[in-house]
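For reference, the structure is listed below as structure tokens.
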Amino acid sequence: GRKVQQAIYLEGLLGRRPKVPVYPEALERAARRRASPEAWAYIAGGAGLERTVAANLEAFRRYAFRPRMLRGAPPPSLEVELFGRRWAAPLFLAPIGVLELAHRKGDLAAARAAAQKGVPFMVSNQSSYPLEAIAEAMEGVRPGAIRFFQLYHSTDFRVVRSFLRRAEAAGYMGVVLTVDTVQLGWRPRDLDLGHLPFLKGQGLAQYLTDPAFLAALEEPLEGPAPKVRLSPALLRALPTLWRAGKGNLARALKAVRRFVATYSFPELSWEEVRRVREETPLPLILKGLLHPGDAERAVELGVDAVYVSNHGGRQVDGAVAALDALPGVVRAVGGRVPVFMDSGVRTGADVAKALALGAKAVGLGRPYVYGLLWGEEGVGAVLDYVLAELELTLALVGVGRLEELGPHLLGLD
Ligand code: FNR
């Protein structure tokens with residue numbers, strides 16, 4: 001914490017410019033220049049007019065600190081204990097799919113950077129590397145590095161069960177079940193570029209290495225098989241598909257079709273949550289809740305944490321900003337389980353605001369993907385910036401211990 005902060009300041013004072021921009025908007029601009037138009041559309045884009053993407057950021061602007069002075073306390077420790085493990089900070093990397101769009105090493109690079117900083121990493125169901133390889137990469141940096149597996153509940157429970165067994169075997173300490181993406185949102189930027197990574201075989205590593213999914217490839221698909229038409233976009237994707245199918249293009253196309261046919265699950269209900277709860281002994285975190293009623297139900301059902309998120313504004317355009325939904329959920333949960341949040345977090349000060357409103361841990365999303373355009377080093381730099389600013393902010397608003405953060409520091413209650 002403090003050492004990193006001092007190092008960053010010292011570099012600045014010596015007139016050295018950082019390779020990865022510190023100012024969040026400069027980071028975003030520089031990342032955009034390094035990304036392909038397709039990658040940028042997918043990473044930065046959101047649903048519809050992207051009003052919720054904007055609302056997420058705007059909400060952070062609306063809350064303002066009332067710092068306390070003269071507390072006579074040393075800077076606080078950022079360490080927290082959650083699920084019986086020590087986290088370097090109440091911060092984690094949110095699950096993000098298709099990281100290969102940002103860097104060839106994708107999840108491996110991001111996970112290594114997280115492990116190095118002691119920050120938990122959530123592996124996406126749509127990752128670019130198998131969860132076992134990501135676990136190994138993290139172990140190489142820090143044995144026992146904290147990792148979660150994010151699950152999309154497809155219509156094939158055999159695959160769901162297989163994913164859970166694999167996560168348990170590879171030392172994942174929890175399952176994050178994302179329930180706001182039973183279908184992909186309406187994403188105009190991707191539509192205008194005729195680009196959806198999954199249809200090119202990207203972000204399918206978890207499936208292409210899964211015994212249950214591969215076995216099911218031999219079964220005929222129920223219902224009409226989604227057509228994969230030969231388009232310019234698909235032709236460009238042929239090398240990816242070839243790799244995805246390990247040199248067998250027909251098999252790769254079959255896998256993509258099966259993925260498309262089983263991924264969407266509009267009928268997903270509390271019944272499946274209960275089933276996942278019963279299927280795995282790992283802590284279960286329900287991601288994508290915004291309504292206090294859903295949070296109440298989740299706690300009653302026995303989840304281990306509630307995760308407030310609107311998926312970075314990528315699903316429902318016009319959904320409430322996650323930060324604005326947080327207090328209602330925190331009230332409904334009433335301290336029975338920890339509440340996590342993401343969507344719109346850009347800085348360490350943002351993290352402090354979410355904590356003040358009752359989050360126990362906060363997820364960093366797009367900013368770390370922007371860092372990933374510089375590889376592992378870039379993710380590490382972004383984490384340093386956020387952690388350093390978080391520590392400084394806590395010290396400057398007069399918080400000696402994380403537990404002292406509360407709505408009163410934002411002028412509320
Ligand atoms: C996501 N998110 C996401 N969530 C999830 O549960 N599984 C996933 O595979 C993905 N994939 C994904 C890809 C990209 C490119 C983005 C930007 C986001 C949502 C993610 O976990 C988180 O909720 C948001 O990123 C938070 O919003 P901000 O802070 O990034 O704007």
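So that you can scan it fast, the table gives a plain yes or no per residue for (1) without any contact (Cβ under 8 Å) to a residue 60 or more places away in the chain; (2) under 21 Å from GLY293 (Cα atoms):
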position	(1), (2)
ALA321	no, yes
ASP324	no, yes
PRO327	no, yes
GLY334	yes, yes
VAL337	yes, yes
ASP342	no, yes
ARG346	no, no
VAL362	no, no
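Which ranges mark the helices (runs of 4 or more DSSP H) fully within the range 178-251 that have 3 or more residues being of a type outside the set (Phe, Trp, Tyr) and in contact with a helix residue (DSSP H, G or I) (Cβ under 7 Å, 6 or more places away or on another chain)?
Values: elements: 188-193, 205-208, 211-216, 232-244.
Here the list reads 188-193, 211-216, 232-244.
Looking at GLN116, GLN6 in this structure, which one is within 21 Å of VAL397 (Cβ to Cβ) and either more than 16 Å from the ligand (Cβ to nearest atom) or in a helix (DSSP H, G or I) (or both)?
Numbers: GLN116 fails: within 21 Å of VAL397 (Cβ to Cβ).
Among GLN116, GLN6, only GLN6 is within 21 Å of VAL397 (Cβ to Cβ) and either more than 16 Å from the ligand (Cβ to nearest atom) or in a helix (DSSP H, G or I) (or both).
The residues on offer are GLY174, GLY223, GLY201, and the sole one that is under 28 Å from PRO120 (Cα atoms), out of contact with any strand residue (DSSP E or B) (no Cβ under 6 Å at 6 or more places or on another chain) and not aliphatic (A, V, I, L, M) is GLY201. Evaluate the range 388-401: report whether one residue or more is within 16 Å of the ligand (Cβ to nearest atom) and outside any strand (DSSP E or B). Checked against the condition, which is being within 16 Å of the ligand (Cβ to nearest atom) and outside any strand (DSSP E or B), the range 388-401 yields at least one hit. Among the numbered conditions (1) within 30 Å of ALA44 (Cα to Cα); (2) of a type outside the set (Phe, Trp, Tyr); (3) buried (at least 20 other Cβ atoms within 10 Å of the Cβ), the only one that ARG166 does not meet is (1). Applying a threshold of 7 Å to beta carbon distances and a minimum spacing of six or more residues, or different chains, the list of pairs starting in the range 274-291 at a residue that is in a loop (DSSP other than H, G, I, E, B) and ending at one that is within 16 Å of the ligand (Cβ to nearest atom) and of a type in the set (Phe, Trp, Tyr) reads LEU282/TYR172.
When the range 22-42 is filtered for residues that are among the aliphatic types (A, V, I, L, M), open to solvent by 20 Å² or more (accessible area, probe 1.4 Å) and touching a helix residue (DSSP H, G or I) at 6+ places or on another chain (Cβ under 6 Å), only VAL22 remains.
From the list GLY97, GLY72, GLY84, pick out the single residue that is more than 20 Å from ALA381 (Cα to Cα) and within 16 Å of the ligand (Cβ to nearest atom). Quick ask: steps written out before the conclusion?
On the way: GLY72 fails: within 16 Å of the ligand (Cβ to nearest atom); GLY84 fails: within 16 Å of the ligand (Cβ to nearest atom).
Matching residue, one of GLY97, GLY72, GLY84: GLY97.
Just one of the listed residues (ALA88, ALA102) is in contact (Cβ under 8 Å) with a residue 40 or more places away in the chain and surrounded by 24 or more Cβ atoms within 10 Å (Cβ to Cβ), namely ALA102.
The values are calculated or read from the model by the stated rules, or taken from the named source; none is laboratory data. Small disclaimer: the values here were computed from a predicted structure and weren't measured. Note that each Cβ is placed from the backbone with ideal geometry, even for glycine, and that neighbours are counted across all protein chains shown. Heads up: the accessible areas ignore ligands, DNA and RNA and are worked out on the full protein's heavy atoms, side chains in. Shrake-Rupley method; radii C 1.70, N 1.55, O 1.52, S 1.80 Å.
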